[in-house]
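Read through the structure below, which is laid out as structure tokens, and then see the notes.
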Ligand SMILES: Cc1cc2nc3c(=O)[nH]c(=O)nc-3n(C[C@H](O)[C@H](O)[C@H](O)COP(=O)(O)OP(=O)(O)OC[C@H]3O[C@@H](n4cnc5c(N)ncnc54)[C@H](O)[C@@H]3O)c2cc1C
């Protein structure tokens, strides 16, 4: 039997007796997929997201094989573009383009993709609450009825109880910090979407640019190419 939940907000979605089997924090691809999997396994799942959906996410939107294979069965990938070619350069110079007869990877729009995954989790039976930010989790103290239960505390002071909590709240994860995750380095990612003339868009259709001066970018480029699994990539 579950312990009684301490739900202090009047607009709380779950009924006041609920101790969720799984509370997932963060409705990006990781959280939505975890919520989907747990709901499919018959668990009572609450997915909490601080933003309203669809929410913007800084991302190139490239979907490589392992990501595609991890999607819920039957999930229709909202592909905007199929990439057949990659241009590599170093500080904007020495550009070389490699082309493939096959699709190297697809490009999706993140707000659309992420919202689709959340819909899949909902369809599987997960309950979703958006516009709620988790501030911390408590494993001891007056909010926690027993040792099998965790209290998830929201920004407005409401507490949600869970048997298990999945931290899928991104790179600055509060749940990660709770379990002792420490990052040696945090990098800043910037993104701009710039309209281009039609001729430029046509020239870049199905092609991406990877410009790098450091090992990381180069390594990512290599990973993209080896994904082709022995495909012949001809120079442009
Ligand atoms: C510039 C850039 C380009 C990228 N390009 C690619 C690419 O081309 N292909 C690729 O595969 N990956 C790419 N990535 C990486 C990709 O964006 C991440 O790996 C992916 O988004 C991680 O998914 P996630 O579900 O773990 O976290 P996120 O997508 O970050 O989702 C976390 C969610 O948790 C929510 N959240 C955070 N804190 C709380 C809280 N306290 N309470 C409630 N909710 C909370 C956030 O609002 C968010 O919706 C890129 C990343 C960057 C920065």
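The rows are residues; the columns are (1) touching a residue at least 40 places away in the same chain (Cβ under 8 Å); (2) more than 15 Å from the ligand (Cβ to nearest atom); (3) surrounded by fewer than 17 Cβ atoms within 10 Å (Cβ to Cβ); (4) under 23 Å from residue 191 (Cβ atoms).
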position: 25; (1), (2), (3), (4): yes, no, no, no
position: 41; (1), (2), (3), (4): no, yes, yes, no
position: 50; (1), (2), (3), (4): yes, no, no, yes
position: 68; (1), (2), (3), (4): no, no, yes, yes
position: 90; (1), (2), (3), (4): yes, yes, yes, yes
position: 112; (1), (2), (3), (4): yes, no, yes, yes
position: 116; (1), (2), (3), (4): yes, no, no, yes
position: 123; (1), (2), (3), (4): no, yes, yes, no
Do we find that residue 164 is out of contact with any helix residue (DSSP H, G or I) (no Cβ under 8 Å at 6 or more places or on another chain), outside any loop (DSSP other than H, G, I, E, B) and not assigned by TED's automatic domain parsing to the domain that holds residue 133 in this structure?
no
Consider only pairs whose beta carbons are under 6 Å apart and that are at least six residues apart or on different chains; among these, list those whose first residue lies in region 186-202 and is surrounded by 10 or more Cβ atoms within 10 Å (Cβ to Cβ) and whose second residue is modelled with pLDDT of 95 or more.
none
Test set (1) touching a helix residue (DSSP H, G or I) at 6+ places or on another chain (Cβ under 8 Å); (2) surrounded by 15 or more Cβ atoms within 10 Å (Cβ to Cβ) - residue 145 fails condition number:
(1)
Kindly check whether there is at least one residue in region 31-51 that is modelled with pLDDT of 95 or more, in a loop (DSSP other than H, G, I, E, B) and under 19 Å from residue 110 (Cβ atoms).
yes
Checking the conditions here, which among 152, 186 is part of a strand (DSSP E or B) and within 15 Å of the ligand (Cβ to nearest atom)?
152
Quick check on my filter: what residues within region 52-66 are in contact (Cβ under 8 Å) with a residue 40 or more places away in the chain and more than 7 Å from the ligand (Cβ to nearest atom)?
52, 53, 54, 56, 65
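The values are calculated or read from the model by the stated rules, or taken from the named source; none is laboratory data. Keep in mind that this is a model prediction, so the values were computed, not measured. For neighbour counting, all protein chains shown are included, and Cβ atoms are generated from backbone atoms with ideal geometry for every residue, glycine included.
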